[in-house]
Amino acid sequence: MPKNDLSALPESMQKCYRLLEATSRSFAAVIQALDGELRPAICIFYLVLRGLDTIEDDMTLANEVKVPLLVDFHEIIYKTGWTFNGNGPDEADRHLLVDFDVVIAEFLKLRPAYQEVIADITKRMGLGMSKFLGAQVHTKDDYNEYCHYVAGLVGIGLSKIFAASGLESEAVGTSEHLSNSMGLFLQKTNIIRDYLEDIIDGRIFWPRAVWIKYAPNGKLDDFRAPENKAAALACLNDLVTDALAHIPDVFAYMSSLRNQSVFNFCAIPQVMAIATLALVYDNHQVFTRTGVKIRKALAVKLMMGATNMPNLYAIFGEFLANLESRVRTEDPSYEATVAAIERAKVML
Ligand code: PS7
Ligand code: MN
Ligand code: MN
Ligand code: MN
Ligand code: MN
Ligand code: MN
């Protein structure tokens, strides 16, 4: 079957691909390009987690309603006909849950090996999300733990599905530390970039142990004021430096892949993340406007280029050199940032 001909599929699977296109900014094309059984399995995995994240992100839901939904979501995906009429971060996400019965119908048709991975990851992510509804991200360990629940587990689950398909080695499925790092690099980039959006929504994911070192009056919100620009940039650059530390694991994981469609699927979010980290590094716009994003033309260039290890190294090398050219000796993280860049560059 040609990869974009959906007409031979059941109506409910066609509907799932339409929900995927409506809800994912960057994943729809790469998921539809995956080989064989991975295409429906990863599409459904995406929609299940997008549904769970829509509940997490729904700030109109009382925690007494939200917590049981998050914790029980791994059982909900087995309930034929279940739907939910709530308020997602946007209309497409809300609509996904209104039509969630089709996702469940297609989930139940997947091979049990895929269903078990998806249910296990959904269970652990829902529990982790609920734990952090009532807890703050105090320490760096908390920060790594939250990112593990919402993104590291995605990497671990994806890797187990890749291995179960036979398209990737068993080792990919068992290297959980590297899979976790793949997710943490994406999630930390998202959290750093979304400083203002998350504050406006009443959520804080920046770890207190880091920002308290810089916030002049002990409030994260202080970084928005123009007079606190130096402190804000110092904190931002500290967090970018922390994220850069995952790059060696990203290279090790990517080097272990052998299927081209899996490689492209994994590489594209990673190159978008390094480009985003370079964009936000030492950039005061993070504190003054929402939606700081790489240019569309750059995104297209990166997506087309990230197809093999030499090209992946070349793309990362370019952004690492750009970062290195912009470090300031007055920055409190200066030495740590240079060290993190050097540790990544020796692998190029
Ligand atoms: C199953 C393809 C490729 C080994 C929906 C892809 C929140 C950054 O925090 O809503 O709400 O602002 O912007 C994707 C590892 C996960 C991590 C995750 C599922 C890469 C729901 C992506 C994506 C692992 C939990 C952006 C993690 O959402 O975030 C599939 C390898 C979903 C990946 C969340 C965050 C994604 C994210 P927030 P967003
Ligand atoms: Mn979320
Ligand atoms: Mn979200
Ligand atoms: Mn804590
Ligand atoms: Mn975000
Ligand atoms: Mn995110």
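Overview of results
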{"item": "Among residues of the stretch 86-118, those that are surrounded by fewer than 18 Cβ atoms within 10 Å (Cβ to Cβ), within 19 Å of the chain's Cα centre (by Cα) and either in a helix (DSSP H, G or I) or away from ligand 2 (no atom under 16 Å from the Cβ) (or both), counted", "result": "1"}
{"item": "Leading residue by the ranking (farthest from Ala164 (Cα to Cα)) among those in the stretch 38-74 that are in a helix (DSSP H, G or I) and within 16 Å of ligand 5 (Cβ to nearest atom)", "result": "Asp57"}
{"item": "Qualifying residue in the stretch 122-141 (condition: under 20 Å from Leu38 (Cα atoms) and within 15 Å of ligand 2 (Cβ to nearest atom))", "result": "yes"}
{"item": "Qualifying residue in the stretch 131-149 (condition: among the small types (Gly, Ala, Ser), touching a residue at least 24 places away in the same chain (Cβ under 8 Å) and either part of a helix (DSSP H, G or I) or within 16 Å of ligand 5 (Cβ to nearest atom) (or both))", "result": "no"}
{"item": "Of the criteria (1) of a type outside the set (Phe, Trp, Tyr); (2) farther than 30 Å from Ser159 by Cβ; (3) touching a residue at least 24 places away in the same chain (Cβ under 8 Å); (4) outside any loop (DSSP other than H, G, I, E, B), which one Leu312 fails", "result": "(2)"}
{"item": "Matching option when the condition is among the polar types (S, T, N, Q), surrounded by fewer than 21 Cβ atoms within 10 Å (Cβ to Cβ) and under 23 Å from Ala171 (Cα atoms), among Asn264, Asn311", "result": "Asn264"}
{"item": "The stretch 155-209, residues that are outside any helix (DSSP H, G or I), among the acidic types (Asp, Glu) and either buried (at least 23 other Cβ atoms within 10 Å of the Cβ) or more than 16 Å from ligand 6 (Cβ to nearest atom) (or both)", "result": "Glu168"}
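Rule-based calculations on the coordinates, nothing more; no lab input. Everything numeric in this text was worked out from a predicted model, so none of it was measured. Note: ideal-geometry Cβ built from the backbone for every residue, glycine included; neighbour counts use all protein chains shown.
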